Amino acid sequence: MTDRVIQLVQDNSRLIPLNFSAPGNSEVPAKDKHQRRLHDLRISVTDRCNFRCVYCMPKSIFDKDYQFLPHKDLLTFEEIESVARQFVALGVEKIRLTGGEPLLRKNIEILIERLAALRTPGNKPVEITLTTNGTLLRKKAQALKNAGLTRVTVSLDAIDDHTFKAMNDVDFSVDEVLDGIAAAHEAELGPIKVNMVVKGGMNDHQVLPMAKHFKNTPHILRFIEYMDVGSSNGWKMDEVVPSARIVNLIARELAPLKPADPNYVGEVAERWLYADGQGEIGVISSVTQAFCSDCSRIRLSTEGKLYTCLFASRGHDLKPLIRSGQSQAMIEEQMAKAIRNLWTVREDRYSEVRSAHTPQPRDRIEMSYIGG
Ligand code: SAM
Ligand code: SF4
Ligand code: SF4
């Protein structure tokens with residue numbers, strides 16, 4: 001049964017022990033086996049969500065009997081801040097809060113305030129961003145800004161209400177998400193990125209209408225290839241719409257596009273500017289064009305497990321150390337060593353070696369568990 005498969009994520013036999021020995025080098029930023037720097041920390045603050053997107057939390061599995069994490073297993077804000085501080089000391093300059101739906105986590109702005117106070121070894125603030133389905137943005141945007149959030153990414157998979165409702169599967173309307181985007185804009189949480197996962201046969205007819213809607217606005221629409229993440233969404237290669245096809249379609253039917261340089265090494269989206277100066281789009285080609293060679297991301301799960309790749313099935317549990325009862329100084333010293341050691345031996349490059357014909361492990365972590 002597929003729901004049993006998901007529960008395996010919580011199974012401790014699937015954890016890899018952390019190495020607390022003194023690290024071989026003290027370089028900042030820390031580099032992995034392929035010389036990729038540690039730059040980007042993604043923190044999942046909840047595994048719950050008020051949507052049931054068909055490609056992420058299908059209702060057949062995430063139903064009323066599905067066992068989400070009990071509250072006591074979630075890292076507290078103090079614990080998350082302590083982990084994040086070690087990462088920032090090792091070179092992380094960008095933190096993204098995700099989930100599940102991160103705005104469902106109570107008092108999330110208190111966590112943001114704590115993270116926004118962190119400083120890099122060069123005494124620079126850290127960029128704090130958040131990915132949301134937008135449902136609670138009207139209510140929360142200003143508080144998030146006041147707490148120190150840099151900007152938001154909002155997911156929206158269609159501009160047509162019928163299609164969007166079929167995608168989120170909880171009857172949520174496009175207008176409410178657009179109102180959330182407007183609230184984020186008013187609160188100066190821009191430039192706002194709008195993420196659209198394109199699933200062939202379901203919302204691919206929405207590519208042009210979405211592009212038209214967001215052209216000539218300050219928002220950056222990004223098309224994401226539907227990924228084979230997790231084990232519950234029944235992913236099939238023929239439902240992936242290649243980014244190249246999307247770029248060609250928009251350039252042909254809407255307006256010519258010209259490529260733009262990445263904003264930083266390891267940026268996941270390939271950037272395209274409208275040649276008429278009316279804005280920017282991005283494509284994230286996680287399936288058709290692997291970007292592992294620059295991947296500088298590490299993920300912290302809601303309950304304190306570290307994953308060095310989105311497609312990992314085995315995490316590294318920090319919680320026994322965090323809740324070991326030792327002094328905070330001792331915990332943090334060991335945590336810093338363990339994190340550095342973990343990054344130093346990292347070799348992951350799943351997307352580069354993936355093949356539609358390769359049998360896939362059935363116990364990979366779910367997107368709703370680890371975030372995007
Ligand atoms: N709930 C928030 C949201 O939807 O923005 C944050 C968490 S969600 C897991 C993060 C991002 O992952 C969203 O943009 C979502 O569309 C994307 N996502 C989820 N499942 C995906 C899949 N199978 N392939 C590609 N993107 C996916
Ligand atoms: Fe929820 Fe985001 Fe997953 Fe949709 S993509 S089900 S909004 S976590
Ligand atoms: Fe990074 Fe893993 Fe994705 Fe490659 S497959 S880009 S290593 S998260």
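The values are calculated or read from the model by the stated rules, or taken from the named source; none is laboratory data. Since this is a predicted model, take the numbers as computed values, not measurements. Ideal geometry is used to build each Cβ from the backbone, glycine not excepted, and the neighbour counts take in all protein chains shown. All accessible areas refer to the heavy atoms of the entire protein, side chains included, with ligands and DNA or RNA removed. Shrake-Rupley method; radii C 1.70, N 1.55, O 1.52, S 1.80 Å.
Worth a mention:
- Between the stretch 121-186 and the stretch 17-58, the Cα center-to-center distance that results, in Å: 22
- Gain on full extension, evaluated as 0.36 nm per residue between LEU15 and ARG119 minus their Cα-Cα distance, stands at 34.4 nm.
- Neighbours of ALA89, meaning other residues whose beta-carbon lies under 10 angstrom from its beta-carbon, give a summed charge of +2 when Lys and Arg score +1 and Asp and Glu score -1.
- Relative to the longest principal axis of the Cα atoms of the chain, helix 243-253 runs at roughly 30 degrees.
- Local electrostatic count, LEU221, Cβ distance below 12 Å [Lys/Arg +1, Asp/Glu -1]: +3
- Computed over the chain, relative contact order equals 25 percent, with contacts defined as Cα pairs under 8 Å that lie 6+ residues apart.
- Per residue of the chain, the DSSP helices (runs of n ≥ 4 H) give a summed -39500 (n - 2.57) that works out to -8000 deg cm²/dmol at 222 nm.
- Here LYS319 and ASN146 are evaluated by their C-beta separation; at R0 = 45 Å the FRET efficiency comes out at 0.90.
- Antiparallel DSSP beta bridges within the chain, percent to nearest 5: 35
- Gyration tensor verdict on the stretch 219-280 (Cα atoms; rounded if a/c is under 1.5, prolate if a/b is larger than b/c, oblate otherwise): oblate
- When the Cα gyration tensor is reduced to axis lengths a ≥ b ≥ c, the ratio a/c is 1.5 or higher for the stretch 1-150, and with a/b not above b/c it is classed as oblate.
- Additional length obtainable on full extension of the chain from VAL170 to SER327, 0.36 nm per residue less Cα span: 52.0 nm
- Relative to the longest principal axis of the Cα atoms of the chain, the long axis of helix 174-186 makes an angle of roughly 60 degrees.
- Rolling a 1.4 Å probe over the protein chains gives ARG119 an accessible area of about 110 Å².
- Debye log10 I(q)/I(0) at q = 0.08, 0.11, 0.13, 0.15 Å⁻¹ for the stretch 2-370, Cα point scatterers: -0.38, -0.76, -1.10, -1.51
- The relative contact order of the stretch 70-172, computed from alpha carbon pairs under 8 Å that lie at least 6 residues apart in sequence, is 25 percent.
- Additional length obtainable on full extension of the chain from LEU178 to VAL28, 0.36 nm per residue less Cα span: 49.9 nm
- Counting heavy atoms of the protein chains alone, ILE250 has an accessible area of about 0 Å² for a 1.4 Å probe.
- Positive-end extreme of charge dipole, the stretch 2-370 - chosen from GLY122, THR135, ASN19 (charges on Cβ): ASN19
- Given charges at beta-carbon only (K, R positive; D, E negative), |dipole| of the stretch 2-370 in Debye: 700
- Three-way shape call for the stretch 211-329 based on the alpha-carbon gyration tensor, with the a/c threshold at 1.5: prolate
- Solvent-accessible surface of protein heavy atoms, probed at 1.4 angstrom with all chains present, puts SER327, SER301, SER155 in the order SER327, SER155, SER301, largest first.
- Cα long-axis angle, helix 137-147 against the chain (0 to 90 degrees, to the nearest 10): 40
- Where a label projected 7 Å from the Cα of GLN35 along Cα→Cβ would reach, residues of the stretch 289-311 with amide N under 14 Å: 293-295
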